[in-house]
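Remarks on the structure that follows.
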Amino acid sequence: MPLRSEPGRWSTIAKTLHWVMALLIIGNGVFALWMDDLKPSMQKINLFALHKSIGLTVLALFLLRLAWRLFDRRPAEDPAPRWQHVAATIVHGLLYVLIVAIPLSGWLFNSARGFPLQFFKLFNLPALTAKDPDVAAVLVEVHEYLFWFLVAVLVAHAGGALKHHFIDRDDTLRRMLPFGRARRHLTPSPGDKP
């Protein structure tokens, strides 16, 4: 598997970051929805601490992914109408903004509540704002609305990938799958067998 992306496929690093982040984001969202229904307890506090640490991990992985994208080339796009390229650019841009905004809004909410923020109980992170219950009440709503907006954008993202795969029958989804290989536009690597 290539370390860097090629004209017909994403690199192993790009695919790994994509799918690990996707699993963490979806899993952490489902985890948060489940936790909300729990009765107040020490266990719930510990679960929220885990939720926050996972959110911070997503933020850190996003920064790593952004740094990798600056170094790695992007595979060539499959031919498609201009509106599809514009829509994909908008959806990806929204995903990137939300992947940063959701953990930051949670961090701000945590700070406004006056709670310490630990990363997997290894070290504390600084507060981003002073304790303020009124600000915290707004931020918890912002955090939740951003999550539901992310769900809508993820549905559009996945829907677009499935449309490319099943209707357009191109390689857009296949080349991002963990073990997928593009059928067309694949430039063989020097080590690939014919």
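The values are calculated or read from the model by the stated rules, or taken from the named source; none is laboratory data. Because the structure is predicted, anything quoted here is derived from the model rather than measured. No Cβ is skipped: glycine too gets one built from the backbone with ideal geometry, and neighbour counts run over all protein chains shown. Just so you know, the surface numbers come from the protein's heavy atoms only, side chains and all, with ligands and any DNA or RNA stripped out. Shrake-Rupley method; radii C 1.70, N 1.55, O 1.52, S 1.80 Å.
Between the helical axis of 42-71 and the longest alpha-carbon principal axis of the chain there is an angle of about 40 degrees.
Determine which lysines satisfy two conditions relative to Lys163: a Cα distance under 22 Å, and not lying fewer than 8 residues away in the same chain. Answer for Lys163, where 22 Å is the Cα cut-off: Lys15, listed by chain and number.
In the context of the full set of protein chains, residues of region 38-194 present 65 Å² of accessible surface per residue (probe radius 1.4 Å, heavy atoms only).
Extension gain, Asp36 to Asp134, is 33.3 nm, computed as 0.36 nm per intervening residue step minus the present C-alpha separation.
Estimated purely from DSSP H runs of n ≥ 4, each contributing -39500 (n - 2.57), the mean residue ellipticity at 222 nm for the chain is -22000 deg cm²/dmol once divided by its residues.
Summing Cβ point charges (Lys, Arg +1; Asp, Glu -1) relative to the Cα centre of the chain gives a dipole of roughly 700 debye. Over the chain, the pair-distance histogram of Cα-Cα distances with 5 Å bins from zero comes to 1, 7, 13, 17, 17, 13, 10, 8, 6, 4, 2, 1, 0 percent, rounded to whole numbers.
Residue by residue, region 157-173 carries 3J(HN,Hα) couplings of 5, 5, x, x, 5, 5, 4, 4, 6, 8, 9, 6, 6, 9, 9, 3, 6 Hz when phi is fed to the Karplus relation 6.51 cos²θ - 1.76 cosθ + 1.60 (θ = phi - 60°); x denotes Gly or Pro. Considering only protein heavy atoms and a probe of 1.4 Å, how much of the accessible area of region 67-126 is carbon and sulfur, as a whole percent? Roughly 71 percent, rounded to a whole number. Using a probe radius of 1.4 angstrom, the carbon and sulfur fraction of the accessible surface of region 12-59 is 76%.
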